[in-house]
Amino acid sequence: MPPADAPLVAARGLARRYGPVHALRGVDLDLHPGDVLLLLGPNGAGKSTLLRSLAGLLRPQAGSVMVAGRRLSGDDPDARRPIGLLSHQSLLYDELTLLENLVLAGRLYDLPDPRARAETVLARQALLERKDDRPRQLSRGMQQRAAIARALMHDPTLLLLDEPFTGLDAVAGDRLRALLGELRTAERAMVIVTHHASEAWDLATRVGVLVGGRWGYLGPRPADLAAFHLTYQEVARG
Amino acid sequence: MGRALRHALAIAGKDLRMELRTRTSLLSAAVFAALVLMVFNFARDPTAVATVDLAPSILWVTVTFASVVAMNRAFTVERENGAFDGLLLAPVSRESLYLGKYLANLAFVLIVEAITLPLFVLFFNLDLGGALPGLLLTLLLATIGFVAVGTVFSAMVAKTRFAELMLPILLLPFMVPPLIFAVKTTVPLFAGRPLSDVLPGLRFLALYDVAFVTLSVLLFSAVVDE
């Protein structure tokens, strides 16, 4: 049992190379319940690599990730249980209906009544009437909501979001911001990767800027977004 | 039911449901098998070689390539919408994940074989008679082994650009040992010899199954974890 003040996520010395390119160079990160980290950085800075490492989808070549006191590895499936991921892709099978997709996820997470839970999360995303549709029959905004429903099926305490606003129109973007606001609880930590700080600035409690696989900046969210832009540009230039 | 088995059955059930809905790999494998049998049927000279001598090789060549066609789809469906990440992210052991994909592949290939065998009998006008139980056992034992290896390789090649081409290139060398013994077992069965005469071949196939199912389970984690 980890101590009460233990971080929900403790990443130490994460390093990952793709051939000659260093995507991560010894990255440390602590996230406590209630933290919302806005993860920024130029293209190729290592944001998605860090996010996939935190999700346990990418094995770092050095370092480790602990989530809720358990080390992420292929050998300990339960270490992944607290994690929810909203990626560029929906993680949904096109040949299954929304309900079937979510019930499958519920079974894999050992939920006691996957169908009831699936209907609850679909209703929350205003998709219950489309439960028998397949993902490809939905609009981009609806697909994003379906992906969110899948990510929330098991009520994760660590929510990782990789550019969640990409491809959404203004209305859908506002709806997603409102939902993320509701999901920001004292028990849950979130990491939001984005290219545009303004998209999730108000949600964040902390801001991190990765540059060349290292932290260029990691700290509490500054009060003034405009002033932070100057800091960001300095950091991003190295 | 154990948690690991429950997860495996959920994954296998998902694959079967998707396949029965689209029939992509079953239909293409069955049509492929029918075409291969048809080509062999018209290409052979029945006056030069007796059908009973040629039939075992034709059966196994057809089963081999039709199985590769069926297994090709196992992990390509997981690429759609990054769905495989959803499986890897779930609290499911890699062994359960492998078992689920393996059971689905095994079902696909056995269905393809169940379609191929009557076509084979029809095209070559064979009376299997007493050879049928032995032939079914040989098919089952050979299939258990090469599907185990095929499941690992289809996971390995799924992320490559030429997955459909890579799978047979990687898999066929591993299919050679069970194929040799499957053909060696089928020849005496077609000649009307009793099952007891082919026990050494069946034992080899069973041994191959134990070895390669175990190895495949152990290797799968290294293949899917980036």
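The values are calculated or read from the model by the stated rules, or taken from the named source; none is laboratory data. Just so we're clear, the structure is a prediction, and the values are computed from it rather than from any experiment. Backbone-built Cβ (ideal geometry, glycine too); neighbour counts: all protein chains shown. Just the protein is used for accessible areas: all its heavy atoms, side chains included, with ligands, DNA and RNA removed. Shrake-Rupley method; radii C 1.70, N 1.55, O 1.52, S 1.80 Å.
Chain pair B, A: how much accessible area is buried, both chains summed, with a 1.4 Å probe, in Å² to 100? Please list the in-between numbers first.
Values: alone 11160 and 11800 Å², together 20060 Å².
So the total buried area for this chain pair works out to about 2900 Å².
In the full protein assembly as shown, how much of A:H32 is accessible to a 1.4 Å probe, in Å² to the nearest 10?
Rounded to the nearest 10, the figure is 70 Å².
Count, for each residue of B:3-15, the Cβ atoms from other chains sitting within 10 Å of its Cβ, then give me the mean as a whole number. Display every interim value, and only then the final one.
Details: counts 2, 1, 0, 3, 5, 0, 1, 7, 3, 0, 2, 9, 2.
Mean partner-chain Cβ count within 10 Å for B:3-15: 3.
Looking at the calculated P(r) for segment B:3-224, what percent of the C-alpha pair distances fall above 32 Å?
On the way: 4861 of 24531 pairs.
Result: 20 percent of Cα pairs exceed 32 Å.
Taking a 31 Å limit on the Cα-Cα distance, which of the listed pairs B:K159/B:K184; A:K47/A:K131; B:K14/B:K159 fall beyond it?
Working: B:K159/B:K184 36 Å; A:K47/A:K131 33 Å; B:K14/B:K159 21 Å.
Long pairs (Cα-Cα over 31 Å): B:K159/B:K184; A:K47/A:K131.
Note down the nm distance, to one decimal, between modelled labels 7 Å out along Cα→Cβ at A:L179 and at B:L170.
3.5
For peptide A:85-95, how many partner chain Cβ atoms fall within 10 Å of a residue's Cβ, on average? Display every interim value, and only then the final one.
Numbers: counts 5, 0, 5, 2, 7, 5, 9, 5, 10, 6, 12.
Average neighbour count from other chains, rounded to a whole number: 6.
Kindly write out, for segment A:126-142 in residue order, the coupling ³J(HN,Hα) from the Karplus curve 6.51 cos²θ - 1.76 cosθ + 1.60 (θ = phi - 60°), rounded to whole Hz, with x marking Gly and Pro.
Once rounded to whole Hz, the list reads 6, 10, 4, 5, 9, 4, 9, 8, 8, x, 5, 7, 9, 6, 4, x, 5.
Mean separation of Cα pairs under 8 Å and 6+ residues apart, divided by the residue count of chain A: what relative contact order is that in percent?
Values: 447 pairs, mean separation 64.9, N = 238.
27 percent.
Check which residues have an amide H placed less than 5 Å from A:G216's amide H, if you skip close sequence neighbours.
Result for A:G216 returns A:V209, A:L210, A:V211.
Once you list every other residue whose beta carbon is under 9 Å from the beta carbon of A:L179, what net charge do they have if Lys and Arg are +1 and Asp and Glu are -1?
Details: positive: A:R124, A:R145, A:R175, A:R177; negative: A:E182.
Counting the neighbours of A:L179, the net charge comes to +3.
With charges set only on the Cβ (+1 for Lys and Arg, -1 for Asp and Glu), what does the dipole of segment B:1-122 come to about its Cα centre, in debye to the nearest 20?
Working: 11 positive and 9 negative charges, 91 e Å.
It works out to roughly 440 debye.
Counting alpha carbon pairs within less than 8 Å and at least 6 residues apart, what relative contact order, in whole percent, applies to segment A:91-155?
43
For chain A, modelled as a Gaussian network with Cα springs under 10 Å, which listed residue fluctuates most, A:G46, A:G34, A:G19?
Looking only at A:G46, A:G34, A:G19, the biggest GNM fluctuation is shown by A:G19.
Which whole-Hz couplings ³J(HN,Hα) result when phi for each residue of segment B:61-68 is put into the Karplus expression 6.51 cos²θ - 1.76 cosθ + 1.60, θ = phi - 60°, listed in order with x for Gly and Pro?
Ordered by residue, 3J(HN,Hα) equals 4, 5, 4, 4, 6, 5, 5, 4 Hz.
Once Lys and Arg get +1 and Asp and Glu get -1 on their Cβ, which of A:P112, A:T97, A:Q125 lies farthest toward the positive end of the dipole of segment A:91-155?
A:Q125
Placing one identical point scatterer on every Cα of segment B:44-137 and ignoring solvent, what is log10 I(q)/I(0) from the Debye formula at q = 0.24 Å⁻¹?
Per q value, in the given order, log10 I(q)/I(0) is -1.26.
Add +1 for every Lys or Arg and -1 for every Asp or Glu among the other residues with Cβ under 12 Å from the Cβ of A:G63, and state the total.
Details: positive: A:R12, A:R16, A:R25, A:R59, A:R71; negative: A:D28.
Around A:G63, the charge tally is +4.
For A:V36, list long-range residues whose amide hydrogen, built 1.01 Å from N in the peptide plane, is under 5 Å from its own amide hydrogen.
Answer set, sorted by chain and number: A:M190, A:T205, A:R206.
As an exercise, use a Förster radius of 41 Å and the Cβ-Cβ distance of B:V31 and A:D78 to find the FRET efficiency, rounded to the nearest 0.05.
The calculated FRET efficiency here is 0.40.
Work out the mean other chain Cβ neighbour count within 10 Å for the residues of B:92-103 and drop it here as an integer. Provide the component values of the computation, followed by the final result.
Values: counts 7, 5, 3, 1, 2, 3, 0, 0, 1, 0, 0, 0.
Whole-number average of other-chain Cβ neighbours for B:92-103 is 2.
So what is the accessible area of the protein assembly as shown per residue, in Å², with the probe set to 1.4 Å?
Working: 20060 Å² over 464 residues.
Result: 43 Å² of accessible area for each residue.
Using modelled amide H (1.01 Å from N, peptide plane; none on Pro or chain starts), what sits under 5 Å from the amide H of A:G56, excluding residues fewer than 5 places away?
none
Based solely on its DSSP helices, what 222 nm [θ] is calculated for chain B when runs of n ≥ 4 H residues each add -39,500 (n - 2.57) and the sum is averaged over all residues, nearest 500 deg cm²/dmol?
Numbers: 8 runs with 188 residues, N = 226.
Value at 222 nm, helices only, nearest 500: -29500 deg cm²/dmol.
Normalised by the residues of segment B:24-157, what does the relative contact order come to in percent, with Cα pairs under 8 Å and at least six apart?
Computed over segment B:24-157, the figure is 39 percent.
So in the protein assembly as shown, what percent of DSSP beta bridges are antiparallel if you round to the nearest 5? Before the final figure, lay out each step's value.
On the way: 21 of 38 bridges.
Here the antiparallel bridges make up roughly 55 percent for the protein assembly as shown.
Could you run the Karplus curve 6.51 cos²θ - 1.76 cosθ + 1.60 with θ = phi - 60° over segment B:162-167 and give me ³J(HN,Hα) per residue in whole Hz, x for Gly and Pro?
10, 4, 5, 7, 5, 4
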